[in-house]
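Structure, as structure tokens:
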Amino acid sequence: MIRTLPNSKAYSAAFNGFIILYFTFLFAPLIVTMVLAFNDSMFPSLPWKGFTLDWFFGEGPEKIGIFHDRSNLRSIAVSFRVAFAVSTLATIFGTLAAFLFEQENFRFKNFFYFLMIAPIVIPGVILGISILLFANTVGLFFENQLGMDIGILRPGFWLVVLGQFSFITTIVTLVIIARLRKFDRTLEEAAYNLGANRFEVIWHITLKYLRPSIIGGFAVAFLMSFENFNTTIFLVSSEATLPINLYLQVRDGSTPVINSISFLLILATSIIAVINLYVGRRKNKRAT
Amino acid sequence: MMISKLRTIRWSFFVFFIPVFLWLFLLIVLPQLELLRMSFLGTDYYGESGVTFDNYWAFFSEPIYWLTFVRTAVYSIFVTLIVLLIALPVAFYITKVASFKITGFLMVIILVPFWVSELIRVYGWMILLRESGVLNHFLTSIGILKVPVEMLYNDITMIMGLVYTTMLFMIVPLIGVMESMDDALIEAAHDLGAKKLTIWRTIIIPYSMPGIMSGSIIVFMLVLGSYLTPNLMGGKNSLWFTEQIYNQMIIYFNWNQGAAFGFMLLLLSSLIIWLALKLTKQDWRSVIK
């Protein structure tokens, strides 16, 4: 049954077989997508017509590779800007929230904690439409009552950032709380005894300790923002992010340039994920 | 000295509290209230806007709307159960069966697809399964199929896609709880002659309950709110409720109707989570930790 108990051969074989099947299921679509990025064909399908790098570097007119594909490159740039803004904001607010819920006591703390968790159980579609409606109402109010036109409240870059920020901050908060919980508060008391004030203590001691989780939270926020579709779709203007732009191409059919984009994204996210995991694990080991 | 220290502590409380309050109030609470308010507004035949129940009336009087709603709910529960059935043995294998040398590697490798965008994972399945897809090419070339078959755009494929895209959100919390389980519990049961099924039923599953619940809630929410997977893999027949919301908001530009649908979805998801927590007698605090 487990490592220490004797297992029948058939049981082990069946279990191993199941796991192999599972991993095949897990990776088959990703591997097929990556391999077909190098197929010398106009469609992302078999038969194999030979190896090519045209879907990366092709300059057209027949095959336009990703590095010459204006519309996709532009949407990648938009996604990077959105993800950077979202993860920066989410990391700052997430850190503040972690301190609030771990180190402060106040009335209705449970209620606020519940509110803080809520964004992850509200479907992204609903977050998207509710923020769209609210921004629209507030924008109309400012326009009619005060004659002010506030661009941030119309669908576009900042509304996308706000929409993604609203639930990604919860994830960052949970990541940082998990580490803050293991923090030994006698270290803070020692610093107080040596004459430090609250902010010096936070800056020199607590934040130093939290650094791996802050970096980890930032990375998680970045990836989540970069791939978000459900919330973004309602808040986006003509400046489409990558998932929105890709969705239209996937739905209507496209050349294997999508495969080459996927190849680069899978590669990049895997590298970030693996680095993040190993760094986190090493830091954790050192801390305990 | 003491007083000044107290004052700085209060001060720091507000530094933490105000940004968090603004976030939760402006981006979560007020928008949800606005969603509720908008769902009760509408324009009549003369173009006058006012309070109305028409948006909800439309939901209950048009079978296509509430049937899609019920279908989405039932399928979401079904997908969550399938995900649980697959994730339990996988998490158990990684934490308790695989040799220590490869557990670390397995944990890293199982997380990689989790980071890749849902769109790309769905796209991978599309090029595998469609009529001109890789699997059809394979099956026809080895002679199992005479002509290619369209494997996309049906319920089974859609369910498989939903299972695939959400599975890792079940496996991660399960690995979390199973890691902390003492092997001695299973060894003791085994020594006393318990069968495998008994061990699962009386030890492993009860022990993993917090992980099962948090995983199930996240998976259920993701499936219920999923748009890409039903839309791309289920095609026109997918009839997923998020698509109705999308149509009202973006295609018909009927925001009041969209708000009513959105609120129904929110109500449904809260209700099902609440029921699940009640039925399994779990406290939400222990589930979210």
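Things worth noting here:
- Candidate aspartates and glutamates for bridging to residue A:49, where Cα separation is under 13 Å - those fewer than 8 sequence places away on the same chain excluded: A:40
- Long-range Cα-Cα pairs in the range A:73-254 (distance over 28 Å), rounded percent: 37 percent
- Within the listed set B:169, B:138, B:17, the residue fluctuating most in the Gaussian network model of chain B (springs between alpha-carbon atoms under 10 angstrom) is B:17.
- Whether the range A:6-82 is rounded, prolate or oblate, judged on the alpha carbon gyration tensor where a/c under 1.5 counts as rounded: oblate
- Label point at residue A:14 placed 7 Å out along Cα→Cβ; residues across the range B:169-186 whose backbone nitrogen lies under 18 Å: none
- For residue B:42, distant residues with modelled amide H under 5 Å away: B:50, B:52
- Using a cut-off of 19 Å between Cα atoms, the listed pairs B:96/B:196; A:182/A:208; B:96/B:195; A:9/B:196; A:63/B:236 include A:63/B:236 as exceeding that distance.
- DSSP loop trypsin sites (Lys or Arg not before Pro) with at most 13 other Cβ within 10 Å: longest gap in chain A: A:186-288
- Cα gyration tensor category, rounded, prolate or oblate, for chain B with a/c compared to 1.5: oblate
- Rounded if a/c under 1.5, otherwise prolate or oblate - the protein assembly as shown, Cα gyration tensor axes: rounded
- Charge tally for residue A:243 (other residues, Cβ to Cβ under 11 Å; Lys, Arg +1; Asp, Glu -1): -2.
- Label separation (residue A:264 vs residue B:209): 5.0 nm, computed from points 7 Å beyond Cα along the C-beta direction.
- Loop-located trypsin sites (Lys or Arg not before Pro) in the range B:194-281 (DSSP state not H, G, I, E or B) with no more than 13 neighbouring Cβ atoms inside 10 Å: B:195, B:281.
- Calculated FRET value between residue B:49 and residue A:109, using beta carbons and R₀ = 30 Å, to 0.05: 0.15
- Longest segment of chain B lacking GluC sites (Glu not before Pro) that sit in a DSSP loop with at most 16 other Cβ atoms within 10 Å: B:151-289
- Label-point separation in nm, residue B:145 to residue B:183, each point 7 Å along Cα→Cβ: 4.5 nm
- J(HN,Hα) series, the range B:138-149, from Karplus relation 6.51 cos²θ - 1.76 cosθ + 1.60, nearest Hz, glycine and proline x: 5, 5, 6, 6, 9, x, 6, 10, 7, 10, x, 10
- According to the Cα-based calculation, Rg over Rh for the range A:127-213 is 1.26, with Rh computed by the Kirkwood formula.
- Karplus-based coupling profile of the range A:3-18, in residue order and whole Hz: 3, 7, 9, x, 10, 6, 4, 4, 4, 4, 4, 5, 5, 4, x, 4, with θ = phi - 60° in 6.51 cos²θ - 1.76 cosθ + 1.60 and x standing for Gly or Pro.
- Spin-label model, residue B:74/residue A:196: points 7 Å from Cα along the beta carbon direction are separated by 6.0 nm.
- Summary of the geometry: the range A:202-218 and the range B:114-138, compared by the centres of their Cα atoms, lie 40 Å apart.
- Listed values for the range A:125-138 are Karplus-derived 3J(HN,Hα) couplings in whole Hz (6.51 cos²θ - 1.76 cosθ + 1.60, θ = phi - 60°), namely 4, 6, 4, x, 6, 5, 5, 4, 5, 5, 4, 5, 4, 5, and x replaces Gly and Pro.
Values quoted throughout were computed directly from the atomic coordinates according to the rules given, and no laboratory measurement underlies them. This is a predicted model, so every value here is computed, not measured. Virtual Cβ from ideal backbone geometry, glycine too; neighbours counted across all protein chains shown.
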